[in-house]
Structures are given as structure tokens and as C-alpha cells.
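This report concerns only the one structure given below.
Every number here is computed from the coordinates shown, using simple stated rules; none is lab data. Quantities reported herein were computed from a predicted structural model and do not represent experimental measurements. When we count neighbours, we look across all protein chains shown, and the Cβ atoms used for this are built from the backbone with ideal geometry, even at glycine.
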Number of protein chains: 2
Amino acid sequence: MGKIKTVKFKLNTFEYEKPFHITGSVSDKVNNVEVIIELENGILGYGEASPSFRVNGERFETLLSLEPIVNEMIKGKEVRNYRQIFDIIDRFFSFPSIKAAVQYAVLDAFSEEIGIPVYQLLGGSEEKIETDKTIGISSLDERILDAKKFFEEGFRTIKIKVGEDLKEDIEAIEAIYEITKGAKYIVDANMGYTPKQAVTFVNEIYKKGIDIHVFEQPVQRYDIEGLKFVRFKSPFPVSADESARTKHDVMRLIKEEAIDYVNIKLMKSGISDALSIVEIVKAANLRLMIGCMGESSLGINQSVHFALGTGAFDFHDLDSSLMLKEKEFRGKYKIQKPYYVAI
Amino acid sequence: MGKIKTVKFKLNTFEYEKPFHITGSVSDKVNNVEVIIELENGILGYGEASPSFRVNGERFETLLSLEPIVNEMIKGKEVRNYRQIFDIIDRFFSFPSIKAAVQYAVLDAFSEEIGIPVYQLLGGSEEKIETDKTIGISSLDERILDAKKFFEEGFRTIKIKVGEDLKEDIEAIEAIYEITKGAKYIVDANMGYTPKQAVTFVNEIYKKGIDIHVFEQPVQRYDIEGLKFVRFKSPFPVSADESARTKHDVMRLIKEEAIDYVNIKLMKSGISDALSIVEIVKAANLRLMIGCMGESSLGINQSVHFALGTGAFDFHDLDSSLMLKEKEFRGKYKIQKPYYVAI
């Protein structure tokens with residue numbers, strides 16, 4: 001009845017409203033892979049992979065080539081036995097975004113079959129979450145314009161990309177702060193600083209009386225000692241992002257006492273490892289935020305349901321779909337800026 | 001619709017077929033608390049608490065007194081938002097068996113409401129699990145009689161209680177081994193040895209060419225250094241049981257590198273911490289078994305569904321209900337010794 005009949009992959013390209021610049025990368029479009037699982041009873045489940053070459057080493061071309069392999073491995077499986085399918089799909093560890101999309105599509109199909117939304121299958125912790133909005137790297141004037149716009153639109157958590165120029169970054173934070181007082185700030189260096197630059201950065205910001213709620217991935221992903229150095233020198237919580245892809249990464253970061261926060265992204269971990277990371281981080285008395293790559297509303301839907309279901313996150317950085325030109329909104333949630341609301 | 005209308009507690013007393021003797025404790029009966037959750041739509045969800053004064057500091061008398069307090073805290077909550085209810089019930093951390101029973105009754109009611117068994121709500125990993133059967137502490141002759149009986153009944157994993165007399169324990173293991181070759185052994189000292197006694201014990205068994213699959217809780221619960229000492233000296237995997245009640249206990253044991261295995265018992269952790277511990281232990285590349293206190297079939301049902309759903313366990317020590325006199329079998333599973341099978 002609830003058995004998987006076919007899995008289809010489909011390439012969807014979306015343009016950014018304007019080029020999105022972070023440390024070491026500028027994007028004007030994303031190539032995402034839509035995953036459609038059809039059950040023998042006709043029910044459809046949807047997922048989306050948004051591959052990141054920079055973070056995951058993934059290319060959409062390779063993801064598309066996996067379609068027949070995924071079909072062969074999970075065809076005929078019952079979606080209600082979803083952990084069996086998760087275990088099979090965990091073997092695609094080199095393609096975590098497709099892992100997320102297929103695992104989510106399984107949950108989505110199960111959810112449709114029994115008439116219970118995915119967020120309630122996952123525990124129904126929350127009815128709404130608040131998303132931030134992200135200011136990319138650009139000129140000071142442009143950063144200020146963005147900040148003003150987002151604040152006026154109602155966003156009260158603002159994510160600021162830094163990491164290419166320490167001095168300009170400090171000036172930008174100060175200028176943004178002046179026109180968005182009352183907002184919370186997540187600052188993301190995307191691995192752009194050395195450990196000592198990162199410590200200088202937070203000390204300068206602290207001296208100006210500005211509070212940073214989460215300081216993301218200040219240093220190179222494999223520099224766990226550097227991450228720990230920054231964590232212990234920083235007055236603000238330090239988060240792993242690029243350093244924390246699998247549950248094993250997170251366990252190591254915890255053992256090394258290298259972090260205060262983990263930024264979970266389904267595109268880095270799939271649903272299975274993301275669920276593990278939630279439990280690990282809470283057991284270690286650390287904190288969680290959830291982020292995204294370049295997902296459209298179809299992919300952000302996955303993280304919205306994951307966050308509503310688990311209720312695990314202090315901050316939700318789920319704004320990629322708000323930055324993309326989309327013909328059609330495909331989320332099973334409502335947008336009431338800055339909130340995403342269960343339906 | 002799926003809102004909680006009332007929570008009822010009911011005392012059920014069960015006699016053991018014969019007195020059950022482990023290190024520092026002999027029981028001839030158990031006093032369990034049945035939890036019945038009724039939803040506004042008339043659906044009923046069932047759970048069972050089997051309190052352990054020795055392990056959890058719990059008494060059935062105190063559990064019964066919690067009925068009005070639990071009612072007040074979760075009445076009107078939707079069972080499909082089960083993580084919200086779990087979070088509330090987590091505050092009963094001093095009463096982990098009632099935490100397990102209430103949290104499971106919530107899942108059971110949700111399961112009945114949507115017509116999906118609990119084990120599939122939890123992921124549907126397995127269709128059957130194999131349980132062991134336990135030989136309590138007694139005379140050598142009695143231990144041998146038990147071993148013969150269990151082996152003839154088809155049990156192929158035999159749990160052997162030790163910890164009161166090192167010399168007798170070694171003799172008993174050797175004698176049991178001679179008549180049950182091909183079986184797997186879990187040996188449980190229930191905190192009865194000193195670290196050095198425990199190391200002597202495993203070395204003697206090893207010299208005789210006998211394999212122990214899991215060596216449970218050799219030393220006192222708070223002696224984490226002792227546990228680590230035994231772990232690093234033992235040729236057999238060492239498991240925490242009494243030392244591992246909450247997810248925070250387990251995280252500490254992992255950080256201290258004190259264990260190879262964790263014995264999860266819902267009665268020690270509730271459903272919420274048990275789910276966390278599954279994820280934590282797997283992320284740390286360690287192993288899991290699942291055990292029980294004095295649950296009847298109603299309570300063992302909880303662990304059977306948990307184990308089938310998560311598929312997380314190498315060994316299932318779920319035999320308490322097989323040792324109790326019960327008028328009525330109340331599990332939502334089938335017994336095909338030594339297996340418990342999903343229905």
C-alpha cells in the first residue's frame with residue numbers, strides 16, 4: 001500500500017533576486033534537484049536537494065546521475081518503516097543534500113498517507129518559527145540599505161556575512177547596529193578569519209557595546225583547535241557550520257569542547273543525522289540554530305517542518321527561498337514575515 | 001479531537017514465578033503503576049511504570065500521588081504534539097518510570113488515533129527482536145537447572161546475574177557454559193564488584209575460553225573511573241546500566257571514554273531520554289542493549305515497540321514479563337520464543 005513505486009529527480013534552476021556574496025563565493029543562481037517519490041497507492045512525497053560544492057563537495061550533475069541507483073535501493077520499501085529507508089539512504093553520505101531530499105520525501109509521503117503533517121510526525125513542538133534575513137558581503141552603503149530594508153520589513157534577527165575584510169566587517173556591523181537597534185545579530189564568517197583575527201573581531205565588537213547572539217564558523221572547517229581557541233576567547237557564543245556536517249563531526253566538536261552552538265542544515269546532514277545532532281547537542285547542554293543552502297520554498301519546507309517538529313532551535317536562518325525568484329510557492333506552511341507558520 | 005481528557009493511575013501487583021535474586025536485592029513481587037490516558041474523542045492510550053527504589057529511588061506510593069499533578073499539567077494537550085508533552089513530563093525527572101509510562105501512553109493514544117502502531121511511528125526498523133532470559137543469583141545447582149531450562153525453551157542469549165561472590169560466579173559461568181554451548185552471554189554484576197575484582201573476573205572467564213558479549217555494570221554507579229578502568233582492562237565489552245540513567249549521564253560516560261555499551265531502560269530514562277541516548281551512543285560509535293525493571297507485558301510492550309521502531313539494539317533483555325504471573329497478556333506484539341514479533 002504505502003510502498004515506493006518510483007523516485008524521480010528533476011532539475012530546477014532559480015535565480016537570486018540579486019547576486020549573493022559570502023566569503024569566497026558569489027552566486028547568481030542555484031541548481032536544485034527536486035525529488036518526487038510516488039507510492040503504489042498514488043500518493044506523492046516531495047523533497048529538494050540544494051547541493052553545495054563549497055560545503056559538501058556536491059554538484060547537481062552528480063546528484064542527477066543517482067536517480068536510477070536510489071530507485072534500485074528503495075523501490076518497494078514501505079514509507080512507514082522510514083528508519084529502514086533512512087539507513088539505506090545514509091550510505092549516500094557523499095551526497096548529503098540528496099540524502100536530505102530523499103529522506104524528507106519519504107516522510108512527506110508517509111505524512112500524506114496518514115493525514116498528519118510532517119512536523120507533527122516529528123513531535124509537533126511548535127506552531128510557528130521566526131526566520132532571520134541575511135545581509136551578504138558588499139559595500140558599506142549596500143549593506144546599510146539591506147539592513148534598513150530587512151528591519152522595515154519586520155525581520156528582528158539579522159544575519160551578517162563577514163570574513164573577507166576584518167576592518168570593513170567591523171565598520172559594517174557598527175553601521176548596521178546603528179539603524180537596527182533592538183534586532184538580534186548572527187554573524188557568519190564562513191571560515192574567512194584566522195583564529196586571532198576572529199578574536200580581534202569579537203573583542204572590537206564587544207568594546208562597542210554590540211551583542212552578537214551567534215558567531216558562526218569563524219575559522220577553517222578542519223581547524224578544530226582554532227575553533228576552540230575562538231570559543232574560549234569570545235564573549236559571544238561560537239557556532240560550527242562548515243565544521244559540523246555529520247553526527248560524528250558534532251560528537252568530536254563536543255568532546256573537544258570547541259563550540260557553543262551547532263548550525264544544523266538538512267543539506268549537510270540529511271534528516272537522519274540532523275535528528276541525531278539535535279539530541280547530541282541538547283544532551284551536551286549546548287545550543288542549536290538551523291540554516292540553509294540555496295533551497296527554494298520546496299526545500300525550506302523541509303527545514304520548517306523539522307524545526308516546528310523538534311522545537312530545538314534558538315535561531316532559524318531559513319531565508320534562501322526569500323532571496324530566490326520563484327514562480328510558485330511550494331511550502332506546506334504560511335509566511336507571515338518574519339514568521340513561518342504551521343498549516 | 002486528540003486532546004487529553006484525563007490521565008488515570010492504577011496500581012497492579014504481580015508475583016514472580018519464583019523469587020528473583022540479584023546483587024543486593026531479592027524480589028517476590030512487583031508493584032507497577034498502569035497509566036491510562038483518555039482522549040476527548042474516547043481513544044485510550046496505555047503505559048506502565050515499574051518503579052525501582054534501588055536504581056531510581058522510586059516508590060510506587062509516591063508515583064500514585066502524582067496522578068492529579070500529571071493531570072493538571074497535560075490535560076487538554078494534543079497527543080500529536082507529543083514533543084510538547086514530553087517536554088512537560090521531562091520535569092518529572094525524579095520519577096523516570098512514570099515519565100516513561102506517561103510518555104508512552106501519549107504515543108500509544110496517538111498511534112490508536114491514526115491507526116499506525118507505535119513502532120512504525122518511531123521508524124519501523126524491525127519486524128521482530130530476540131529477547132534473552134535471565135538466571136538470577138542462587139546455588140550452583142539452581143543456576144544450572146535454570147540454564148538448561150532456558151536453553152531448551154529456545155533462548156539463545158542468556159543473561160547471568162553475578163556480583164555477590166566472585167568465586168561462585170566464575171564457577172557458575174563455567175558450569176552454565178558447559179550445558180549451553182552456542183548461546184551468547186550477558187553477564188550483569190549490578191555494581192557488585194570492585195574494579196579489580198571485575199578485572200579478575202573477566203580475565204578468569206577469558207582464560208577458560210568463554211566469550212562474554214556484554215559485561216554489565218561491574219562497579220558502583222558513581223565510580224566512573226572504576227568503570228573506565230574495567231573497560232580498558234577487559235577483553236569483553238563493558239556496559240553501563242545503573243550509571244546511565246539520563247542522556248546527560250551517557251554524554252559524560254562517553255566524554256570519559258568509560259564504556260563500550262549502554263543498557264537503555266525506559267524505566268530509567270523515559271521515552272524522551274531513551275531516544276536521545278540512542279542517537280548519542282550511535283554517534284559515538286558505541287553499542288546499545290535494552291533492558292527492563294519489573295514490567296508486565298503492558299510495560300514490556302513499550303520497550304518492544306521502542307526497539308522495533310529504532311532498531312538500535314544488539315541485545316534485548318526484555319524478559320521481566322516472562323518471569324511474572326499475569327492473568328492477561330496485554331502486549332501489542334506476539335511472543336514466539338525467543339522472539340517478540342510486530343503485529
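Every residue in region B:170-197 that is touching a strand residue (DSSP E or B) at 6+ places or on another chain (Cβ under 8 Å) and outside any loop (DSSP other than H, G, I, E, B), please. Walk me through it before giving the result.
Initially, region B:170-197 is screened for residues touching a strand residue (DSSP E or B) at 6+ places or on another chain (Cβ under 8 Å), giving B:172-173, B:176-177, B:180, B:183-190.
The answer is B:172, B:173, B:176, B:177, B:184, B:185, B:186, B:187, B:188.
So, in region A:63-87, exactly how many residues are loosely packed, with under 15 Cβ neighbours inside 10 Å and either of a type outside the set (Asp, Glu) or more than 22 Å from residue A:245 (Cβ to Cβ) (or both)?
Here the count works out to 6.
Out of B:257, B:225, B:242, report the one residue that is surrounded by fewer than 23 Cβ atoms within 10 Å (Cβ to Cβ), in a helix (DSSP H, G or I) and of a type outside the set (Phe, Trp, Tyr).
It is B:225.
Which one is surrounded by the fewest Cβ atoms within 10 Å (Cβ to Cβ) among residues in region A:114-127 that are under 19 Å from the mean Cα position of the chain (by Cα) and more than 8 Å from every other protein chain (Cβ to nearest Cβ)?
A:126
I'd like to know if region A:62-78 contains one or more residues that are touching a residue at least 60 places away in the same chain (Cβ under 8 Å) and touching a Lys or Arg at 6+ places or on another chain (Cβ under 6 Å).
Looking only at region A:62-78, we keep the residues that are touching a residue at least 60 places away in the same chain (Cβ under 8 Å), and these are A:67, A:70-71, A:74-78.
From what is left, the residues that are touching a Lys or Arg at 6+ places or on another chain (Cβ under 6 Å) are A:76, A:78.
Yes, that holds for at least one residue.
So, in region B:198-212, of the ones that are of a type in the set (Val, Ile, Thr) and in a helix (DSSP H, G or I), which residue ends up farthest from residue B:242 (Cα to Cα)?
Only one residue tops the list, namely B:205.
Out of region B:260-296, which residues are over 13 Å from the mean Cα position of the chain (by Cα) and more than 14 Å from chain A (Cβ to nearest Cβ)?
Selection gives B:260, B:261, B:287.
What strands (runs of 3 or more DSSP E) completely inside region A:1-83 contain at least 1 residues that are hydroxyl-bearing (Ser, Thr, Tyr) and in contact with an Asp or Glu (Cβ under 7 Å, 6 or more places away or on another chain)?
Output list reads A:4-22, A:44-49.
For residues that are more than 13 Å from chain A (Cβ to nearest Cβ), over 27 Å from residue B:105 (Cβ atoms) and of a type outside the set (A, V, I, L, M), tally how many sit in region B:242-259.
So the answer is 1.
Kindly provide the set of residues from region A:174-201 that are under 21 Å from residue A:289 (Cα atoms) and surrounded by fewer than 21 Cβ atoms within 10 Å (Cβ to Cβ), ordered by number.
Hits for region A:174-201 are A:182, A:183, A:184.
Any residue at all in region B:300-314 that's more than 13 Å from the chain's Cα centre (by Cα) and of a type in the set (A, V, I, L, M)?
Yes, the conditions are met somewhere in region B:300-314.
Restricted to region A:128-144, and to residues that are over 21 Å from residue A:294 (Cβ atoms) and in contact with a helix residue (DSSP H, G or I) (Cβ under 7 Å, 6 or more places away or on another chain), which residue is surrounded by the fewest Cβ atoms within 10 Å (Cβ to Cβ)?
So, considering only residues that are over 21 Å from residue A:294 (Cβ atoms) and in contact with a helix residue (DSSP H, G or I) (Cβ under 7 Å, 6 or more places away or on another chain), the one surrounded by the fewest Cβ atoms within 10 Å (Cβ to Cβ) is A:140.
Of A:92, A:110, which residue is touching a residue at least 24 places away in the same chain (Cβ under 8 Å) and more than 14 Å from chain B (Cβ to nearest Cβ)?
Answer to the check: A:92.
Determine if region A:318-340 includes at least one residue that is closer than 22 Å to residue A:50 by Cβ, β-branched (Val, Ile, Thr) and within 14 Å of chain B (Cβ to nearest Cβ).
Checked region A:318-340: no residue is closer than 22 Å to residue A:50 by Cβ, β-branched (Val, Ile, Thr) and within 14 Å of chain B (Cβ to nearest Cβ).
Residues in region B:305-343 that are part of a loop (DSSP other than H, G, I, E, B), out of contact with any strand residue (DSSP E or B) (no Cβ under 7 Å at 6 or more places or on another chain) and within 30 Å of residue A:86 (Cβ to Cβ): how many? Walk me through it before giving the result.
Going residue by residue through region B:305-343, those that are part of a loop (DSSP other than H, G, I, E, B) are B:311-314, B:317-319, B:325-332, B:337-338, B:343.
Add one more test, that the residue is out of contact with any strand residue (DSSP E or B) (no Cβ under 7 Å at 6 or more places or on another chain), and what stays is B:311, B:327-332, B:337.
When the remaining residues are screened for being within 30 Å of residue A:86 (Cβ to Cβ), the result is B:311, B:331-332.
Counting residues in region B:305-343 that are part of a loop (DSSP other than H, G, I, E, B), out of contact with any strand residue (DSSP E or B) (no Cβ under 7 Å at 6 or more places or on another chain) and within 30 Å of residue A:86 (Cβ to Cβ) gives 3.
Scan region B:262-299 for residues that are of a type in the set (D, E, K, R) and either buried (at least 24 other Cβ atoms within 10 Å of the Cβ) or assigned to a helix (DSSP H, G or I) (or both) and jot them down.
Taking region B:262-299 as the starting set, the residues that turn out to be of a type in the set (D, E, K, R) are B:265, B:268, B:273, B:279, B:282, B:287, B:295.
B:265, B:268, B:273, B:279, B:282, B:295 - these are the residues of region B:262-299 that are of a type in the set (D, E, K, R) and either buried (at least 24 other Cβ atoms within 10 Å of the Cβ) or assigned to a helix (DSSP H, G or I) (or both).
Given the conditions (1) in a helix (DSSP H, G or I); (2) in contact with a Leu (Cβ under 6 Å, 6 or more places away or on another chain); (3) within 12 Å of chain A (Cβ to nearest Cβ); (4) not basic (Lys, Arg), report the number of the one that residue B:302 does not fulfil.
(3)
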